[in-house]
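Single-structure report; data block below.
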Amino acid sequence: MRIVSPDARSPSAHGAPAVLAEISAGLLAPSAAVSPKFFYDSLGSRLFEAICELPEYYPTRTEAAIFARHGSDIARAVGTGCTLIDLGAGNCAKAAALFPLLRPAQYVPVDISRDFLADAVRGLQQRFPEIGMLALGMDFSQGCTLPDGVRHAQRLFFYPGSSIGNFGPDEAQRFLRGLRDSAGEQGGLLIGVDLVKDTALLDAAYDDALGVTAAFNLNLLNHLNHLAGADFDVRHWLHRAFFNEQASRIEMHLEARHALTVRWQGGERHFGAGERIHTEYSYKYTRAGFIALLERAGFEAARIWTDPDGWFAVIHARVAAAHP
């Protein structure tokens, strides 16, 4: 098992010029925004693990139930011996649960939180010594260029948890096209997609009663302090999350409790009381809508598995034989 960082732009690199420039541009935009990839320092990754255990947060357990119920069918569709490329791997638990079914020839977990990933993969390699593992600490949101150590044969990109919803529809299509190109002619995609459902269920999933999601959102400010030398004080901000039905997306923001000025390396901004920093979108799809998106991105032969309530979908698609 090796841990490599092929992308020097990784947010784990304190003070990296490209990272600082991206943060500064977002904070200085007419409507301030920060990429959701900056949620995931070590504490943010652990807070997200806690979110996945909450009763309100249905995606993780619903997706897991789909794999438990339809795992054998999914394995037949995917095939064995793949190069399993796990995007946003986190603690690697979702992929590890599929190892007995998929029997991958190589496992390539990819995550922006390099230290958190390293700890997870060390334990996983001990459990599955027969699987070659190459862990990549990198930011894949702008594209997934893989190093030479990743097998070309039968590449399967695994993107569970509905994280594709963090991209706007046009961004999602570009991202999926990039995966298609990296997958190669015999490659494919296994992806989790959150489906449109009752607004009350969606709102509760992103604004839980215990406040764990609020802590996750607010911790982003601590991470910005580390990355950009900023002076955010989390006590001066509120977590806001709601479903925008017209846009078919959850929106998460941080809202200033009162007028304040924030400074960071090379910049500053005054925020009025109630002014917000956008931190995440999470788009929700219909089944037909997402299949159409996959086809525009160059995938075909999509198969869909859902839970009985139709809240969530797991989709497998292959790279199209001929694409533009």
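The values are calculated or read from the model by the stated rules, or taken from the named source; none is laboratory data. Given the structure is predicted, the values throughout are model-derived calculations rather than measurements. Every residue, glycine as well, gets a Cβ built from its backbone with ideal geometry; the counts of neighbours run over all protein chains shown.
At a glance:
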read-out	value
Of residues in segment 18-70 being within 28 Å of residue 270 (Cβ to Cβ), of a type in the set (Val, Ile, Thr) and modelled with pLDDT of 95 or more, the one farthest from the chain's Cα centre (by Cα)	23
Strands (runs of 3 or more DSSP E) fully within segment 48-143 counting 3 or more residues that are aliphatic (A, V, I, L, M)	83-87, 132-137
Among the residues listed as 301, 297, 273, the single one being over 30 Å from residue 234 (Cβ atoms) and modelled with pLDDT of 95 or more	297
Filter result (more than 18 Å from residue 176 (Cβ to Cβ) and under 22 Å from the mean Cα position of the chain (by Cα)) within segment 85-101	89, 90, 91, 92, 93, 94, 95, 96, 97, 98, 99
Residues (aliphatic (A, V, I, L, M) and either surrounded by fewer than 15 Cβ atoms within 10 Å (Cβ to Cβ) or farther than 18 Å from residue 82 by Cβ (or both)) located in segment 122-152	138
Subset of segment 304-324 that is over 20 Å from residue 75 (Cα atoms) and in contact with a strand residue (DSSP E or B) (Cβ under 8 Å, 6 or more places away or on another chain) - its residue that is modelled with the lowest pLDDT	321
Residues located in segment 307-320, provided they are more than 20 Å from the chain's Cα centre (by Cα) and more than 13 Å from residue 183 (Cβ to Cβ)	307, 308, 309, 310
